[in-house]
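Heads up, the thing below is written out as structure tokens.
The values are calculated or read from the model by the stated rules, or taken from the named source; none is laboratory data. As the structure is a computational prediction, the values presented were derived from the model and not from experiment. Cβ coordinates were reconstructed from backbone atoms using ideal geometry, including for glycine residues, and neighbour counts include every protein chain displayed.
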């Protein structure tokens, strides 16, 4: 069964090549005339006055954490969805409990305003 | 002459060890997927400019070659001969890795797409998981590009884009759970076969809410209009790829369009029966079980084109969403809708209710 995945590996390597080769061609064929203005970060004509690695809104971080929770939930749902017809009512009820718990959490974060943007 | 060539070829081929034969054969198949895909990407950019041009009452590119048909080639050549600028503050290694991380998965995801019955590169059972993994890696390309550029606009664009992409990935994942429940398999070929029996058996009908959620999430996932705040040229100029030029920019561009075509192909596979004919088992103008009812590659391509056209149509029609509206749509509308519909589906499947899943169909 695992040998079915070999073409995928080859495809990934080839996909990388399809990215590396044009990039290399771009370096070879394009001009190379760096100057300090060209290499400075773009900022609408201003001199960049501070580093770009600055503080950012905590909500992006929150979205990332919520994403992990829900993505795990989806990862658990996938195998369940495939065999649902075999496991029948018991399987469906078990997943209902699990989903119910997560929905309670979802409602809580909603009411807490974790999903609000402005 | 031909016979001589054939015998020589067969002799040379026969001498090669089976591993080499296997690799060469796989590489040939991969090229048979990638080259048409690249051509499709090139002409998708042309079609976009023409279609949106006509929708806005102008002509679009029509100077290079006949009807402007050589425009994408001219664009590619131009980008090839432009300088790849490496900003002085940038982290060079990550800066150059990011476009590769965008493009490679966008291409490699095509390994599991069935173009016709059994006509796919890798007939694997965890194809849906693989697809989700590949579409997730694209987020890394975006966030690494924004971080490595060390530019404020790039950074803001990457933050926005990655938060938006992960949000819609959830909605997309939930929509796919519905497809898996209906098909009972993660193998894309089996998922298509589960929809056989004519267009009323396609999953688009019993899974209509999931279908809509899936495609709209796909549009948001690829950062296309009306969800293109990540680029938002009027506020953050171009978002995460503002510092990229020449071929490095072209790779992002290719990846974006390859992803759009991928989402279209997936929507066709999951919800519109992939390579199946819509007229299967239905008589049309008295031609019944004729050519029209024949499944095949042409149906897959046609369905994919329909979704690709909708992408352009959306861009020409809708103004850009505000960021808070995007996040509200993703979290407060799509996720509840999909959760409810998964519950409905579970009841329909376990209780054998409804015209689709009743009676163990």
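Given the conditions (1) assigned to a helix (DSSP H, G or I); (2) in contact with a helix residue (DSSP H, G or I) (Cβ under 7 Å, 6 or more places away or on another chain); (3) more than 11 Å from every other protein chain (Cβ to nearest Cβ); (4) modelled with pLDDT of 80 or more, report the number of the one that residue B:251 does not fulfil.
(3)
Report, by residue number, each residue of the stretch B:171-206 that is within 12 Å of chain A (Cβ to nearest Cβ), under 23 Å from residue B:278 (Cβ atoms) and in a loop (DSSP other than H, G, I, E, B).
B:184, B:185, B:187, B:194
Only one of these conditions is not met by residue B:152: (1) over 21 Å from residue A:68 (Cβ atoms); (2) under 20 Å from the mean Cα position of the chain (by Cα); (3) surrounded by fewer than 24 Cβ atoms within 10 Å (Cβ to Cβ). Which number is it?
Going through the list (1) over 21 Å from residue A:68 (Cβ atoms); (2) under 20 Å from the mean Cα position of the chain (by Cα); (3) surrounded by fewer than 24 Cβ atoms within 10 Å (Cβ to Cβ), residue B:152 breaks only (2).
For the stretch B:47-60, enumerate the residues that are touching a helix residue (DSSP H, G or I) at 6+ places or on another chain (Cβ under 6 Å) and either under 15 Å from residue B:106 (Cα atoms) or touching a residue at least 40 places away in the same chain (Cβ under 8 Å) (or both).
B:48, B:51, B:52, B:55
Go through the stretch B:315-325 and give me each residue that's touching a helix residue (DSSP H, G or I) at 6+ places or on another chain (Cβ under 6 Å) and facing chain A (nearest Cβ under 10 Å).
B:323
Can you name every residue in the stretch B:87-102 that is at the interface with another protein chain (Cβ under 8 Å from one of its Cβ atoms), closer than 22 Å to residue A:51 by Cα and assigned to a helix (DSSP H, G or I)?
B:96
Given the options B:127, B:108, name the one that is modelled with pLDDT of 85 or more, within 9 Å of chain A (Cβ to nearest Cβ), under 23 Å from residue A:8 (Cα atoms) and in contact with a helix residue (DSSP H, G or I) (Cβ under 7 Å, 6 or more places away or on another chain).
B:108
Which residues, counting only those in the stretch A:69-100, are over 27 Å from residue B:352 (Cβ atoms) and either touching a residue at least 60 places away in the same chain (Cβ under 8 Å) or more than 9 Å from chain B (Cβ to nearest Cβ) (or both)?
Listed by number, the residues that qualify are A:69, A:72.
Which residues, counting only those in the stretch B:25-51, are closer than 22 Å to residue B:253 by Cβ and over 20 Å from the mean Cα position of the chain (by Cα)?
Within the stretch B:25-51, just B:50 meets the criteria.
Specify which of the listed residues (B:140, B:168) is surrounded by fewer than 24 Cβ atoms within 10 Å (Cβ to Cβ), closer than 15 Å to residue B:223 by Cα, in contact with a helix residue (DSSP H, G or I) (Cβ under 6 Å, 6 or more places away or on another chain) and more than 8 Å from chain A (Cβ to nearest Cβ).
B:140
Here is a list of conditions, (1) farther than 30 Å from residue B:342 by Cα; (2) facing chain B (nearest Cβ under 7 Å), and residue A:57 meets all of them except one; can you say which number that is?
(2)
Do we have residue A:26 as under 30 Å from residue B:164 (Cβ atoms), at the interface with another protein chain (Cβ under 7 Å from one of its Cβ atoms) and modelled with pLDDT of 85 or more here?
No.
Among (1) within 26 Å of residue A:71 (Cβ to Cβ); (2) within 11 Å of chain A (Cβ to nearest Cβ); (3) without any contact (Cβ under 8 Å) to a residue 60 or more places away in the chain, there is one condition residue B:352 misses while meeting the rest; what is its number?
(1)
Take the stretch B:313-324 and flag every residue that is at pLDDT below 85 and surrounded by 14 or more Cβ atoms within 10 Å (Cβ to Cβ).
Those that are at pLDDT below 85 and surrounded by 14 or more Cβ atoms within 10 Å (Cβ to Cβ): B:320, B:321, B:323.
Yes/no matrix, rows are residues, columns are (1) touching a residue at least 24 places away in the same chain (Cβ under 8 Å); (2) part of a helix (DSSP H, G or I); (3) farther than 27 Å from residue A:17 by Cα:
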{"position": "B:29", "(1), (2), (3)": "yes, yes, no"}
{"position": "B:33", "(1), (2), (3)": "yes, yes, no"}
{"position": "B:40", "(1), (2), (3)": "yes, yes, no"}
{"position": "B:45", "(1), (2), (3)": "yes, yes, no"}
{"position": "B:62", "(1), (2), (3)": "no, no, yes"}
{"position": "B:67", "(1), (2), (3)": "no, yes, yes"}
{"position": "B:72", "(1), (2), (3)": "yes, yes, no"}
{"position": "B:75", "(1), (2), (3)": "yes, yes, no"}
{"position": "B:83", "(1), (2), (3)": "yes, no, no"}
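A quick yes/no check of all residues on (1) over 30 Å from residue A:13 (Cβ atoms); (2) at pLDDT below 85:
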{"residue": "B:2", "(1), (2)": "yes, yes"}
{"residue": "B:6", "(1), (2)": "yes, yes"}
{"residue": "B:18", "(1), (2)": "no, yes"}
{"residue": "B:27", "(1), (2)": "no, no"}
{"residue": "B:38", "(1), (2)": "no, no"}
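Does the stretch B:144-157 hold any residues that are at the interface with another protein chain (Cβ under 10 Å from one of its Cβ atoms) and assigned to a helix (DSSP H, G or I), and which are they?
Residues satisfying the conditions are B:146, B:147, B:149, B:152, B:153, B:154, B:155, B:156.
If you go through the stretch B:65-86 one residue at a time, how many are exposed (fewer than 15 other Cβ atoms within 10 Å of the Cβ), touching a helix residue (DSSP H, G or I) at 6+ places or on another chain (Cβ under 8 Å) and within 11 Å of chain A (Cβ to nearest Cβ)?
Looking only at that region, the number is 1.
Please state which one of A:64, A:48 is at the interface with another protein chain (Cβ under 8 Å from one of its Cβ atoms) and at pLDDT 85 or above.
Checking each option against the conditions leaves just A:64.
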